[in-house]
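A short reminder: the numbers here are calculations on the coordinates, not readings from a lab. The shown structure was predicted, so the numbers you read here are calculated from the model rather than taken from an experiment. All Cβ positions, even for glycine, are placed from backbone atoms using ideal geometry, and neighbour counts span all protein chains on display.
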Amino acid sequence: MPSLLPTFLLAFTLTAPVFSLASPAPLAASRFEKLAAQADAARAEDRVADAIRLYREGTQLRPAWSDGWWYLGSLLYDQDRFSEADTAFRHLLSSPAHRSPAYAFLGLCEYETGNYGDALTQFRAWANAGWTGTADLRDVAVFHFALLLTREGRFVESLYLLASAAPRLGDLPELSEAMGLASLRMRYLPADFPPEQREAIWLAGEAALYAAQTHQEFDRADEFAARLESRYGAQPGVHSFRATLYGFELKRTEAEREFRAELEISPNDVSSMVALALIDLEKSELVEAEGLAKRALDADAKDAEAHHILGRVLLAKGDLNASLSELETAKQLAPGNPAVRSHLAMVLSKLGRTQDAKAESANFVVLKNKQDVMASPEEKLGEKTREKAR
């Protein structure tokens with residue numbers, strides 16, 4: 001797969017901050033300082049092989065040299081020497097100041113070497129550490145993070161991350177393709193999907209991309225979605241995708257129609273049943289909502305959202321003990337879901353279990369504020385707040 005905006009990482013390497021050097025032992029100071037100066041000069045003059053050799057010598061002489069490991073890893077990455085770059089960046093994990101961007105680079109290295117499970121672990125660590133790094137590094141790492149989330153079947157999270165980058169990156173073919181895969185719930189990386197699916201993925205991707213723009217160009221999004229439906233309407237996932245777009249446009253009737261059309265094609269599509277159950281719950285059509293939630297659980301008894309929505313329906317009906325049972329199951333299946341904890345707190349409060357309700361409310365706050373994948377890098381770094389203040 002062609003790399004996304006390949007100049008990003010080079011720009012990041014050239015503009016990385018200079019970190020302070022530990023005080024050298026007196027006898028080694030002169031030799032080390034000479035090596036450091038030579039390495040920096042070689043890098044500035046684009047003598048890559050010399051710079052790599054000199055940074056390697058310098059880090060061997062002083063293993064605590066953060067600058068050296070940083071530039072060594074960056075140069076090796078730019079040379080596609082990913083395993084070696086991975087080794088260099090791991091030396092930065094002991095430094096709180098450098099750990100977060102090192103996680104991002106480690107995720108990229110593991111991605112390029114095909115160690116996708118390890119790459120996801122590194123990207124999650126990067127997210128939890130605050131998504132730090134230049135805007136360019138964040139865009140590249142978020143893109144690859146999202147690709148792996150799609151491969152893992154976490155389509156909503158993948159789309160959320162891709163949508164957060166869409167207004168800045170614009171109509172890039174790589175971004176459109178990635179959004180199309182997640183939108184159609186295809187667990188492929190871009191290099192792996194069946195070639196006959198290319199047009200459907202592109203149409204879905206363009207629709208998602210326009211919907212994610214700052215001014216939400218829904219007319220263009222609907223145009224591509226209509227073309228997708230007219231050509232591939234019999235394909236699983238197409239109607240549920242269009243329903244999701246209608247949901248963003250607050251067109252509830254159209255969204256409901258499309259989710260029901262999806263169930264005609266895919267009778268066991270759990271996400272469509274859960275979405276319809278939520279629509280019915282919001283309309284206070286509790287019998288219909290309960291039936292759909294139970295159908296979803298018949299299709300997949302381990303789906304956390306199906307248990308969650310059934311718990312909410314039972315709460316609305318006043319069947320508190322049954323609601324509690326469903327929500328406790330949802331909590332076990334998705335312990336990091338703050339909404340489940342919020343509804344659990346409601347049920348426990350109604351049952352008179354005040355202390356337990358307070359505990360779940362506290363868990364809700366912790367999870368809501370936790371630096372997890374469902375908050376975009378911009379929100380984590382406070383950029384939206386700063387923009388509003390300008």
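Could you work out [θ]222 nm for the chain from helices alone, using -39500 (n - 2.57) per DSSP H run of at least four and dividing by all its residues? Round to the nearest 500 deg cm²/dmol. Walk me through the numbers on the way to the answer.
Details: 22 runs with 285 residues, N = 390.
About -23000 deg cm²/dmol.
Exceeding 18 Å between C-alpha atoms, which entries from my cross-link table qualify? They are Lys331/Lys358; Lys294/Lys358; Lys302/Lys331; Lys251/Lys283. Intermediate values should be presented prior to the final figure.
Details: Lys331/Lys358 16 Å; Lys294/Lys358 29 Å; Lys302/Lys331 11 Å; Lys251/Lys283 14 Å.
The answer is Lys294/Lys358.
Where the eigenvalues come from the Cα gyration tensor of region 53-135, what are the semi-axes √(5λ) of the equivalent ellipsoid, largest first, in whole Å?
After diagonalising the Cα gyration tensor, the semi-axes are 20, 15, 10 Å.
Give me the number: length gained by fully extending Arg353 to Val156, i.e. 0.36 nm times residue separation minus the C-alpha to C-alpha distance, one decimal in nm. Mind dumping the intermediate values first?
Numbers: separation 197, 0.36 × 197 = 70.92 nm, distance 3.38 nm.
Length gained, Arg353 through Val156: 67.5 nm.
Taking square-rooted eigenvalues a ≥ b ≥ c of the alpha carbon gyration tensor, is region 36-179 rounded, prolate or oblate, where a/c under 1.5 means rounded and, failing that, a/b exceeding b/c means prolate? Spell out each step's value before the answer.
Details: a/c = 2.30, a/b = 1.90, b/c = 1.21.
In terms of gyration-tensor shape, prolate.
Once Rh is set to the Kirkwood radius over Cα pairs, what Stokes-Einstein translational diffusion coefficient, in µm²/s, holds for region 289-370 at a temperature of 4 °C and a viscosity of 1.567 mPa s? Could the numbers behind the result be given before it?
Details: Rh = 12.4 Å.
In µm²/s, the coefficient is 104.
Could you calculate the FRET efficiency of Gln216 with Asp78 from 1/(1 + (r/R0)^6), where r is the beta carbon distance between them and R0 is 35 Å, rounded to 0.05? Please list the in-between numbers first.
Details: r = 37 Å, r/R0 = 1.05.
E between Gln216 and Asp78, to the nearest 0.05, is 0.45.
Give me the dipole magnitude in Debye, nearest 20, for the chain about the Cα centre, with unit charges on the beta carbon: positive for Lys and Arg, negative for Asp and Glu. Show your work: numbers first, answer last.
Values: 44 positive and 56 negative charges, 277 e Å.
I would put it at about 1340 debye.
Report the full-extension gain for the segment Glu328 to Asp136: residue separation times 0.36 nm, less the Cα-Cα distance, to one decimal in nm.
Numbers: separation 192, 0.36 × 192 = 69.12 nm, distance 4.14 nm.
Stretched fully, the Glu328-Asp136 segment lengthens by 65.0 nm.
Give me the percent of Cα-Cα pairs in region 232-335 that sit more than 16 Å apart, rounded to a whole number.
Result for the distance tail: 56 percent.
Just want to confirm a number: the relative contact order over the chain, from Cα pairs under 8 angstrom separated by 6+ residues, in percent. Walk me through the numbers before you get to the answer.
Numbers: 530 pairs, mean separation 37.1, N = 390.
Relative contact order here is 10 percent.
Of the listed peptides 61-73, 326-338, 98-110, what is their order by residue-averaged count of other C-beta atoms within 10 Å, with the highest listed first? Walk me through the numbers on the way to the answer.
Details: 61-73: 21.8, 326-338: 18.5, 98-110: 25.0.
For the peptides 61-73, 326-338, 98-110, the packing ranking is 98-110, 61-73, 326-338.
With no solvent and one equal point scatterer per Cα, compute the Debye intensity ratio I(q)/I(0) for region 234-290 at 0.17, 0.29, 0.31 Å⁻¹ and report its log10, rounded to two decimals.
Debye intensities relative to I(0), on a log10 scale: -0.47, -1.17, -1.25.
Can you pull the one-decimal nm distance between simple spin-label points at Ser94 and Asp118, each 7 Å off the Cα toward Cβ?
Using points 7 Å along Cα→Cβ, the separation is 2.0 nm.
Would you mind checking the radius of gyration and Dmax of the chain based on alpha-carbon positions, in Å?
That works out to 24.7, 81 Å for Rg and Dmax.
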